[in-house]
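Here's the structure, in structure tokens; my notes come after.
Please treat every number below as a calculation from the coordinates, not as lab data. Here the structure is a predicted model, which means the values were calculated and not measured. No Cβ is skipped: glycine too gets one built from the backbone with ideal geometry, and neighbour counts run over all protein chains shown.
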Amino acid sequence: QHYPNVQLKVTAMSNADIIKKLSANIAGIALTLDPKGNDDIESVFYFPQRYSFYCGKDHPLFYKEEITKSDVISQDYVIFDSEQLGSALSPIAIFRDMEHFSGKVSAIANNLYELRRLIIAGYGIGCLPDNAAEHEVLQGKLRKLPPYQGVADVPVHFSWAKRRRLKSVEHAFIDAASIVLKPDHQS
């Protein structure tokens, strides 16, 4: 609204693909999960993203009155491909391991929207960012599962190639977005 002449081109892809494109200086600025360990990328912290378990209305837990931890850990689940040790979403994998999840992985997706669709369809429970599930929870398509405080906070960053010299409009975009969005996600 403040910069009506600025045009954005937005493409959604897996975090690993974003990191590759940034490292090769193909992409401009990207929202990424923590790009730690990549010397070709510069980043600034944007906000913490809380991940929690959810099920869809076609899943048996959706209508269960009281759900316990043992109900959750025995379910089949869907995961992001980056829910592996050493990857951006490894805190979720660590949580599942520490809590002794006994269900099987029923699907793997590299895209938030596809994973959310699989959960809504009842294919299994899965971890989503709370802010990405909020609308579907309000619509009665998703239900949050224990632990209700969430599983992990994963930092989101604005990232770009180190060898890329940011234009003034890109600096302004990062600054404006940081000021506008950070307070809403700090709670």
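3J(HN,Hα) couplings calculated from phi for region 10-17 with the Karplus curve 6.51 cos²θ - 1.76 cosθ + 1.60 (θ = phi - 60°) are, in sequence order, 10, 10, 9, 7, 5, 4, 4, 5 Hz; Gly and Pro show x. Straight-line cross-link reach from LYS69 at under 18 Å between alpha-carbon atoms covers these aspartates and glutamates, not counting any fewer than eight positions away in the same chain: ASP97, GLU99.
Computed from backbone phi, the HN-Hα couplings of region 46-59 come to 10, 6, x, 10, 7, 9, 9, 7, 9, 10, x, 5, 8, 8 Hz, rounded to whole numbers (Karplus: 6.51 cos²θ - 1.76 cosθ + 1.60, θ = phi - 60°; Gly and Pro given as x).
Computed from phi, the 3J(HN,Hα) profile of region 65-80 under the Karplus parametrisation 6.51, -1.76, 1.60 (θ = phi - 60°) reads 5, 10, 10, 9, 4, 5, 4, 6, 6, 8, 7, 5, 9, 10, 9, 6 Hz, with x in place of Gly and Pro. Identify, among PHE173, LEU89, SER14, the residue whose Cα sits farthest towards the positive end of the charge dipole of the chain, taking +1 on the Cβ of Lys and Arg and -1 on the Cβ of Asp and Glu, with the dipole about the Cα centre. My answer, from the dipole projection, is PHE173. Within the same chain, lysines fewer than 8 places from LYS64 are excluded, and of the rest, those with a Cα less than 28 Å from its Cα are LYS104, LYS141, LYS144.
Taking every alpha-carbon pair under 8 Å whose residues sit at least 6 apart, region 1-118 reaches a relative contact order of 22 percent. Between the listed residues PRO155, GLY140, GLY126, the Cα displaced farthest toward the positive end of the dipole of the chain, a dipole computed from Cβ unit charges relative to the Cα centre, is found at PRO155. Enter the Cα centre distance for the pair region 2-39 and region 42-91, rounded to the nearest angstrom. Comparing the Cα centres of region 2-39 and region 42-91, I get a distance of 24 Å.
So, with +1 on the Cβ of K and R and -1 on the Cβ of D and E, and no other charges, what is the size of the charge dipole of the chain about its Cα centre, to the nearest 20 debye? Here the chain has a charge dipole of around 500 debye.
The alpha-carbon of LYS36 sits under 28 angstrom from the alpha-carbons of these lysines, leaving out residues fewer than 8 places away in its chain: LYS9, LYS20, LYS21, LYS162, LYS167, LYS182.
Near the amide H of ALA109, within less than 5 Å, lie the amide hydrogens of ILE79, PHE80, ASP81, all on another chain or at least 5 residues away, with H placed in the peptide plane. For the Cα trace of region 1-72, dividing Rg by the Kirkwood Rh returns an Rg/Rh value of 1.17.
Counting only Cα atoms, region 100-160 measures 37, 28, 24 Å along its principal axes, largest extent leading. Sorted largest first, the principal axis extents computed over the alpha-carbon atoms of the chain equal 53, 34, 25 Å. Near TYR46, the amide H atoms lying under 5 Å from its own belong to VAL156, HIS157, PHE158; only residues 5 or more places off or on other chains count, and H is placed 1.01 Å from N.
Per residue of the chain, the DSSP helices (runs of n ≥ 4 H) give a summed -39500 (n - 2.57) that works out to -9000 deg cm²/dmol at 222 nm.
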